[in-house]
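Just below is one structure, and these are the notes that go with it.
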Amino acid sequence: MAEATATTAAQKPAKKPKGRPDSLSLLLNNTLATAGLVVFALIVLAALAAPLLPLPDPDATAPADRLLRPLAEGHLLGTDALGRDILSRLLWGTQVSLLVGISATLIAAFFGSLIGLVAGYAGGRVDTLLMRGIDMVMAFPYILLALAIVAVLGPGLLNALYAIAVVNIPFFARNIRGIALGLSRREFVDAARLSGKSNAQILFIEVLPNVLPVIIITMSTTIGWMILETAGLSFLGLGAQPPQADLGSMLGDGRKILFTAPHVSIIPGVMIFALVMSINLLGDGVRDVLDPRLKSGALTRPVARTAVMREDVPDVTPRPDTVLDVRGLKTEFRFGGEIYKAVGGVDLAVGQGECLGVVGESGSGKSVTAMSIMGLVPTPPGRIAGGAALLDGEDLFAASDERIRKLRGSAVSHVFQDPLSTLHPLFTVGDQLVEAIQAHQPLSKSEATAKAADLLKVVRIPNPAERLKAYPHELSGGMRQRVCIAMALADDAKIIIADEPTTALDVTVQAQVLSLLDTLRKEKNAGILFITHDFGVVSAICDRVAVMYAGKFVETGTTEEILNSPAHPYTAKLIDCVPVLGEPERRLDAIEGRPPVVNNLPVGCAFAARCPRAQDDCRAAPIPLTEMGKGRTVRCIHPLTGDDADV
Amino acid sequence: MSDAPLLSIEKAERVFGGGRSLFGQPKPAVHAVQDVTIEVRKGETLGVVGESGCGKSTLARMIVGLDAPTGGRIVFDGRDLVAEAGHDLRRLSREVQYVFQDPVASLNPRKTIRTILEAPLRYLLDLDRPAREKRLGELMDAVNLAPEFLDRYPHEFSGGQAQRIGIARALAADPKLIVLDEPVSALDVSVQAQVLNILDGLKDQFGLTYVFISHDLSVVESVSDRVAVMYFGRIVEIGAGKTIFRSPRHPYTHLLLNSAPAPGRRSLIAEDANTELPDPYNPPPGCAFYARCPRHTDECNRAVPPLAGAAGDETHRAACFHPHESK
């Protein structure tokens, strides 16, 4: 089996270029889960083999041979008070316990999931009725409820099975209902409705497949618990009836003679322990593999700063007139055996009070560039593979963690796209501003609060003292983003890295936030590194623009130059895509094809495959960034000149 | 364009919340859409513009029958949809389809594209297997996707491709009207142009009518014959696209046009202007734009201004007591 997985693991990367390991090898990576799987498999095999093995009849009594110790002749694990062979009873009993546990789980999963699905999908009154019913079942202590059910139906293994299944229905129902509730409000459910599907069809064809992993996870984590409960009921004499063997009843039989013949109770006890433990370990492993949240890497917590493993360090002599000077920045992500070169050698410089825009499509590496500067790219899987970032001449990639912590939020601060997820929902904006101020300045609480109010005034929030007491959800999107900008200004930032700060805002609000940023950078003399995908936004605020494609800058220059006479064919095409207000007749030119994936970049120009001007030499060798005038560079050997730029 | 409207919305209203609690306390109610009257003629594209929270998506969901208006009527091709969609959505879905904003979220992650596209063919048109197979080929061809993609799963597609699948699904039932709810907002500009061009081609090819909802003025301008501007659940201005963009009458439309970022233009708007929407639980008695409006007078805060035609052009209507005069 180990061999088989080794070969599949080896074949995988060839088959799937993503290199993401499949579910089984992920599970086998987890040592505990593998141990659980092995133990569980052994127990199941042994229990299944019970009829085939040369075992004595488990129910045959032999009073002469009663209470033999383990390793007695003919009885490997000894005999019990009636002289029955313990090994035989143990294997048969395990078989019964497993069967009951698994069937109870299946029954509970079926009915619980059904109730949960219907309640979550229907919502409203149906949901209330079903869930209040479930709440009532949950209000009883489970063992009491099981006892009551068995009392009504009479003792017996089958009745115990029903009782345990019923007791566990709420567990499934509540879990599944939560998931189904979320899924039912998703757009694909609306889409299915518009495709003509009925409610039942939507519920079972559309929603159920998405809930299935959760059902399996819940089953894998409850099955051990069910076996314990079966054992508990049998121990009390309400489950398996004599002479039938079952782990719980064996334990119950041995209880009275615990001190005279401990092996009679210890052996089934150990078996219950091994069985439940192995199932739980395996269940946890299955959950880790199947749960999408854990799969997405929530279990691998990134470290506080991006790992720096530079293969080449460029010359770090400071240049005058620049605050932020990034040279040859390379950032990579490693997934499995693949290296994704998200940023492949970027040079940029931002002067005092200057705004540099970085424009590109999604996936071009513009955000990773911005995040790399202060080491905010998550490691693992990210790492800085080369280059330097100089802040006033100081190499940030060589600085200590402590130094970076000091600089974050003070000299270099960030404004992110979604202010609602950037601000903490449980603290007032005042608390958060005060925290940001006190992190860098030794001010008392009242001084910091006064400064926070000043900051809100700086970002033009009316009535700042009152607004400090507001929670983020009480503010509009524009106000929230102003709070984030205020926070970025908390300690005289030299550089503000703004990553799509207005993309989530409405146009009127966007226009205001842009003017605010524009005024503030002049007032505070702070440089802005402005990441965006929108050429309109670039014109509103940026002095210079860098166009990014597949992890590299393809063109840099002043905003006017780039917009009026783009030299790189990609820039020209990108500008042609943008619909312009007041020119509705303009035909929109789409760029055919897709950007290359950054783990498999071509040798030559990354845009060649989509470029109308591409020739053989474009694909032959890497294209250098060539100077086309002061501050104007382009990564193209057949650039557009002024004459044919309009064509 | 014929004269009879394909879709006419009469005084549509949608209130969320409301009613009374168990103990007779009135619950707060929000008017998401109020007093909206629009006619859409066959073959035209009506653009609906507005900012988040203005009720444009609620309007869209009512047109396709995913939500029912609490007042007013929505009549499609002479039939009252409100009454029909409640018990049989399928009849409406054969005529009116919807394209979602988030292309990936609107495709079930566990279904292949074939299964997704077959659903409307099977449940709305009752086609048999060979007919479905033929239609699938046509659909993929119409949105310019290779037929091999049919057996892939949604996560294998880029945003633009996924949106084209969304459009193919809307086309599948051969509808007369398609409501496009922010169909390109989630896409990169380069891809946005692709999708807009495809939509344009399909409209001519299949004689479709579009209701195109977006917050992006330049996109709406490039696709729409007529435009309705919504603010706070009401239509504040409606008219031919060219007229509205050349000489807007409502001050809000002016603000929108001046705020839109455009290549080669710096922002024209003051950074401390009031951008707050009124409290939806406590709406103002008069014009909802009153607090932000540079032209407001006391009259505006007393009564809601009606939609009134411009001097020379009855089709260009604005809900304002002091509109900008047409140039």
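Number of residues in segment A:552-599 that are among the small types (G, A, S), more than 10 Å from chain B (Cβ to nearest Cβ) and assigned to a loop (DSSP other than H, G, I, E, B): the value is 2. In the set (1) of a type outside the set (D, E, K, R); (2) modelled with pLDDT of 80 or more; (3) within 30 Å of A:A231 (Cβ to Cβ), the condition left unmet by A:M309 is number (3).
Could you tell me whether any residue of segment A:326-348 is acidic (D, E), out of contact with any strand residue (DSSP E or B) (no Cβ under 6 Å at 6 or more places or on another chain) and not in a strand (DSSP E or B)? Among the residues of segment A:326-348, not one is acidic (D, E), out of contact with any strand residue (DSSP E or B) (no Cβ under 6 Å at 6 or more places or on another chain) and not in a strand (DSSP E or B), which makes the answer no.
Comparison of A:A81, A:A119 shows that the only residue that is hydrophobic (A, V, I, L, M, F, W, C) and either over 26 Å from A:G239 (Cβ atoms) or assigned to a helix (DSSP H, G or I) (or both) is A:A119. Residues of segment A:512-535 being at pLDDT 85 or above, open to solvent by less than 10 Å² (accessible area, probe 1.4 Å) and within 7 Å of chain B (Cβ to nearest Cβ), which ones? Within segment A:512-535, A:L514, A:L516, A:F535 qualify.
Filtering A:G328, A:G351 for residues that are at positive phi and away from chain B (no Cβ under 14 Å) leaves a single hit, A:G328. In segment A:496-511, the residues that are in contact (Cβ under 8 Å) with a residue 24 or more places away in the chain reach residues that are among the aromatic types (F, W, Y) with C-beta atoms within less than 7 angstrom, at least six apart or across chains, in these pairs: A:A498/A:F530; A:D499/A:F416. Quick check, is A:R132 of a type in the set (K, R) and under 29 Å from the mean Cα position of the chain (by Cα)? No: the conditions fail for A:R132. Within segment B:181-195, the residues that satisfy the criterion of being open to solvent by less than 10 Å² (accessible area, probe 1.4 Å) and either at the interface with chain A (Cβ under 7 Å from one of its Cβ atoms) or among the hydroxyl-bearing types (S, T, Y) (or both) are B:S190, B:A193. When B:V184 is tested against the conditions (1) modelled with pLDDT of 90 or more; (2) more than 11 Å from the chain's Cα centre (by Cα), the lone failure is (1).
Annotation: of all residues in segment A:600-614 being free of Cβ contacts under 8 Å to residues at least 60 places away in the same chain and among the aliphatic types (A, V, I, L, M), the one that is farthest from the other protein chains (Cβ to nearest Cβ) is A:V603.
Given A:L489, A:L529, A:L505, A:L517, which one is over 21 Å from A:A349 (Cβ atoms) and out of contact with any Gly (no Cβ under 8 Å at 6 or more places or on another chain)? Residue meeting the stated conditions: A:L489.
A quick yes/no check of all residues on (1) free of Cβ contacts under 8 Å to residues at least 60 places away in the same chain; (2) over 24 Å from A:E592 (Cα atoms); (3) within 13 Å of another protein chain (Cβ to nearest Cβ):
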{"site": "B:Q101", "(1), (2), (3)": "no, no, yes"}
{"site": "B:R110", "(1), (2), (3)": "yes, yes, yes"}
{"site": "B:D126", "(1), (2), (3)": "yes, yes, yes"}
{"site": "B:L136", "(1), (2), (3)": "yes, no, no"}
{"site": "B:D141", "(1), (2), (3)": "yes, no, no"}
{"site": "B:N144", "(1), (2), (3)": "yes, no, yes"}
{"site": "B:Y153", "(1), (2), (3)": "yes, no, yes"}
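Among the residues of segment B:70-102, those that are in a loop (DSSP other than H, G, I, E, B) and open to solvent by 20 Å² or more (accessible area, probe 1.4 Å) comprise B:T70, B:D77, B:G78, B:D88, B:Q101, B:D102.
Would you check if B:L145 is under 26 Å from A:L505 (Cβ atoms) and modelled with pLDDT under 90? So B:L145 does not fit the description; no. Every test in (1) surrounded by 15 or more Cβ atoms within 10 Å (Cβ to Cβ); (2) more than 20 Å from A:T503 (Cβ to Cβ); (3) at pLDDT 75 or above is passed by B:A273 save one, and that test is (3). When each of A:L129, A:L87, A:L91 is tested for being assigned to a helix (DSSP H, G or I) and surrounded by fewer than 18 Cβ atoms within 10 Å (Cβ to Cβ), the lone residue that passes is A:L129.
Rundown of residues vs (1) touching a residue at least 60 places away in the same chain (Cβ under 8 Å); (2) more than 9 Å from chain A (Cβ to nearest Cβ); (3) over 18 Å from B:I9 (Cα atoms); (4) touching a helix residue (DSSP H, G or I) at 6+ places or on another chain (Cβ under 6 Å), yes/no style:
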position: B:V229; (1), (2), (3), (4): yes, yes, no, yes
position: B:V236; (1), (2), (3), (4): yes, yes, no, yes
position: B:G239; (1), (2), (3), (4): yes, yes, no, no
position: B:H250; (1), (2), (3), (4): yes, yes, yes, no
position: B:L257; (1), (2), (3), (4): no, no, yes, no
position: B:G264; (1), (2), (3), (4): no, no, yes, yes
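Using the structure shown, decide if A:M219 is more than 17 Å from A:P58 (Cα to Cα) and part of a helix (DSSP H, G or I). Judged against the criteria, A:M219 is a match. Note on segment A:438-479: among residues that are part of a helix (DSSP H, G or I) and under 31 Å from the mean Cα position of the chain (by Cα), the one that is farthest from B:P278 (Cα to Cα) is A:P472.
In this structure, is A:R193 touching a Ser or Thr at 6+ places or on another chain (Cβ under 9 Å), open to solvent by 50 Å² or more (accessible area, probe 1.4 Å) and either under 24 Å from B:A105 (Cα atoms) or assigned by TED's automatic domain parsing to the domain that holds A:G285 (or both)?
yes
The values are calculated or read from the model by the stated rules, or taken from the named source; none is laboratory data. Since we're looking at a predicted model, the values are computed, not measured. Using ideal geometry, Cβ is built from the backbone for each residue, glycine included, and neighbour counts are taken over all protein chains shown. When the accessible area is computed, the model is the full protein with side chains, heavy atoms only, and any ligands, DNA or RNA have been set aside. Shrake-Rupley method; radii C 1.70, N 1.55, O 1.52, S 1.80 Å.
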